[in-house]
Amino acid sequence: MSTLLISDLHLQPQAPGITAGFLAYLERARGAEALYILGDFFEAWIGDDLLALGDADPSGHAALAAEVAQALRRLAESGTALYLMHGNRDFLLGDDYAAACGATLLPDPSVVEIDGQRILLMHGDSLCTRDEAYMAFRAQARDPRWQAQILAMPIPERLALARQLRDRSGEANSNKAEDIMDVTPDEVVRVMREHGVTTLIHGHTHRPALHPMELDGQPARRLVLGDWQPTKGWEIRLEAGQPPRLRDFPLDA
């Protein structure tokens, strides 16, 4: 049986083609042993209570979240284990939404055992330590006290804040050197050594690749998932006795 890993779909009402492609992907995923979604599943997430709004949410975020949750639950009920992880866009995603999807919310990082091999799963943003401004924001955004303050705000204010943060992030990134927004090699080695693994899988950078490494004299590897576009998705497929396969595929609804 296959284990599937995806990341960086950035689902949002303004990109219905990616949503439709993802829903079709879930139908093809039936029969997989597990599906891992490693962060930035949604372009923004303002709190699990968004689901309660239903059609009363004019932005369309609640309807999107409900449609995706229902599709994921159908896959879970068919026998595929589902796992979600926070990203830098959807760090407020919580256990309530994971439960609505029939999924388990994993901490970032997490070590899982697949086909007898220990694999480190991360979103990947914490590896970009040269981006000091982002790392400072990340520390704030993961602070439970800051999160509680945000979740106490009325939903319209949270939606406005999410738009503001996206705009600010896009403007800041446009002025950063490319290498600053990629992972720091020394941090990759440190975190893999800390967790005692020779395989790391992450997303975030939107630079899909398989990076062979050497770690303490042993062969190792870092696999990076790509971000989904209106015409193309990315996955890593793990199958018993086979090397990990990173591939892109047409995103057809």
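Do we find a residue being open to solvent by less than 40 Å² (accessible area, probe 1.4 Å), closer than 23 Å to THR205 by Cα and in contact (Cβ under 8 Å) with a residue 24 or more places away in the chain anywhere in region 141-159? Yes, some residue in region 141-159 is open to solvent by less than 40 Å² (accessible area, probe 1.4 Å), closer than 23 Å to THR205 by Cα and in contact (Cβ under 8 Å) with a residue 24 or more places away in the chain. Residues that are among the polar types (S, T, N, Q) and open to solvent by 60 Å² or more (accessible area, probe 1.4 Å) within region 123-140 comprise just one, GLN140.
The values are calculated or read from the model by the stated rules, or taken from the named source; none is laboratory data. Treat the numbers as computed from the prediction; the structure is a model and nothing was measured. As a convention, Cβ positions derive from the backbone with ideal geometry for all residues, glycine included, and neighbour counts pool all protein chains shown. Just the protein is used for accessible areas: all its heavy atoms, side chains included, with ligands, DNA and RNA removed. Shrake-Rupley method; radii C 1.70, N 1.55, O 1.52, S 1.80 Å.
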